[in-house]
Amino acid sequence: MPVHGLPAGLAARPPTPDDAEVAAAVCRADELAGDGQAFTTAGDLRSDWQRPSIDLAADAVLVLDDQRIVGYADHSLGRAWVAVHPDAWGRGIGTALLAWTEAQARRHDRPRVGQTVGDGHTAAIALLEGHGYTPRWASWVFAIDLPARAPVDGDGPALPDGPALPDGMQLRPMVRPDEDAAVHRVIEDAFSEWPDREGGMSFEDWRAAHLDRDDVEVLVVVGPDGPVGAAVCLDEGAGEGWVEQLAVTRSHRGQGLGRALLHGAFDRFAERGCTTAGLSTDSRTGAQDLYLHVGMAVTQSCRRWARELD
């Protein structure tokens, strides 16, 4: 789908897998200039682009200024992302890309479209407000400093002592591919409880986006009947670990499994030389107290902005 309304002299084209590094750099520059922190990585884009439901030629777009990539946008399941390099702010690129994401949402018969933006990114917020977007829920980035820890010798790194688990429960790395589907069910069942969730992720999409990447490890809490909790952990590089997803089945909450998974993730990250660990959550999950309890602190506040489509 073409991008209408681009300023003269600019062009648009779909990305290819080879564009991930440059596209991520544009996103990171936008994030850093807008709100002081950058989170998007090339691995994030590659893993998202390889989902079976994504048609990269139709569901993502780059804006080029004389062959230099200055803008990026995508849309999936009602969730949009628009990023413009700060050097190109004020030229109308964000407005054109925002309209493109809305057109994409309509093409996929989505009743609304939204994007999460840092509270300090005043330029992006002004753009969204000016086009009828309203805040829906708050979200936060949490982080914790990790103590130095020497790698563990032997067949593999040991899991931490951490909080005691109930009898019959074990904390360990997920066994692939045997437990892939069971872990997906744990995560999707937990996330489906959130109000106003825009859409679930199929097993095939989830596996491609979260498991089929080089920087991932999944920890699980396993009971007699299989996994009942999971933490999808990413080594982001530059000394940072990231807990991409954390979930515990409803029937096993209140037993310390979430804390055990977090401590396990932190220990794994430290063994790999990470000095910090982070994650994000929002006000729909009710998980903020858990993260504060394990010693994490809020480093950024964000908000989901959305609009209903005609």
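Details
- Part-to-part distance (alpha-carbon centres) for the stretch 106-121 and the stretch 12-29, which is given in Å: 20
- In the full protein context, the chain carries 45 Å² of accessible surface per residue, based on a 1.4 Å probe and ignoring ligands, DNA and RNA.
- Euclidean distance of C-alpha centroids, the stretch 31-86 and the stretch 159-238, integer Å: 25
- Two-site label geometry, residue 134 and residue 301: point separation in nm, points 7 Å out along Cα→Cβ: 2.1
- Amide H contacts under 5 Å for residue 70, placed H, 5+ residues apart: 63, 64, 65
- Per-residue HN-Hα couplings for the stretch 70-84 [Karplus 6.51, -1.76, 1.60; θ = phi - 60°; Hz; x = Gly/Pro]: 10, x, 9, 8, 8, 8, 7, 6, x, 9, 10, 9, 10, 9, 10
- Residue of 118, 278, 254 that the Gaussian network model of the chain assigns the largest fluctuation, springs spanning Cα pairs under 10 Å: 254
- Estimated from the Cβ-Cβ distance and a Förster radius of 41 angstrom, the FRET efficiency linking residue 67 and residue 148 is about 0.40.
- For residue 119, nonlocal amide neighbours, meaning residues 5 or more places apart or on other chains whose placed amide H falls under 5 Å from its own, are 301, 302, 303.
- In order along the stretch 259-269, the Karplus-derived 3J(HN,Hα) couplings, from 6.51 cos²θ - 1.76 cosθ + 1.60 at θ = phi - 60°, round to 5, 5, 5, 5, 4, x, 5, 4, 5, 4, 4 Hz, and Gly and Pro are given as x.
- Dipole of the chain computed with +1 at Lys/Arg Cβ and -1 at Asp/Glu Cβ about the Cα centre; of 220, 108, 12, farthest Cα towards the positive end is 108.
- Of all DSSP bridge pairs formed entirely within the chain, close to 95 percent run antiparallel.
- Structure-based [θ]222 nm, the chain - -39500 (n - 2.57) summed over DSSP H runs of at least 4, per residue, nearest 500: -8500 deg cm²/dmol
- Estimated vicinal HN-Hα couplings, Hz - the stretch 45-58 in sequence order (Karplus 6.51, -1.76, 1.60; Gly, Pro = x): 5, 4, 5, 5, 5, 8, 5, x, 7, 8, 9, 4, 6, 10
- With contacts taken as Cα pairs under 8 Å at a separation of at least 6 residues, the stretch 25-108 carries a relative contact order of 25 percent.
- Across the chain, the relative contact order, built from alpha-carbon pairs under 8 Å that are at least six residues apart, equals 23 percent.
- Residue with peak Gaussian network fluctuation, the chain [Cα springs, cutoff 10 Å], from 180, 48, 66: 66
- Residues residue 106 and residue 275, FRET efficiency given R0 of 51 Å [Cβ-Cβ distance, rounded to 0.05]: 0.70
- Simple spin-label estimate for residue 181 and residue 167 gives 3.2 nm between the two label positions (7 Å along the Cα-to-Cβ direction from each Cα).
- Charges were assigned to the Cβ only: +1 to each Lys and Arg, -1 to each Asp and Glu. The resulting dipole of the chain about its Cα centre is roughly 760 debye.
The values are calculated or read from the model by the stated rules, or taken from the named source; none is laboratory data. The model shown is predicted, which means the values in this text are computed figures rather than measured ones. Counting neighbours? That spans all protein chains shown, and the Cβs are built from the backbone with ideal geometry, glycine included. Accessible surface is based on the protein model in full, side chains and every heavy atom, while ligands, DNA and RNA are left aside. Shrake-Rupley method; radii C 1.70, N 1.55, O 1.52, S 1.80 Å.
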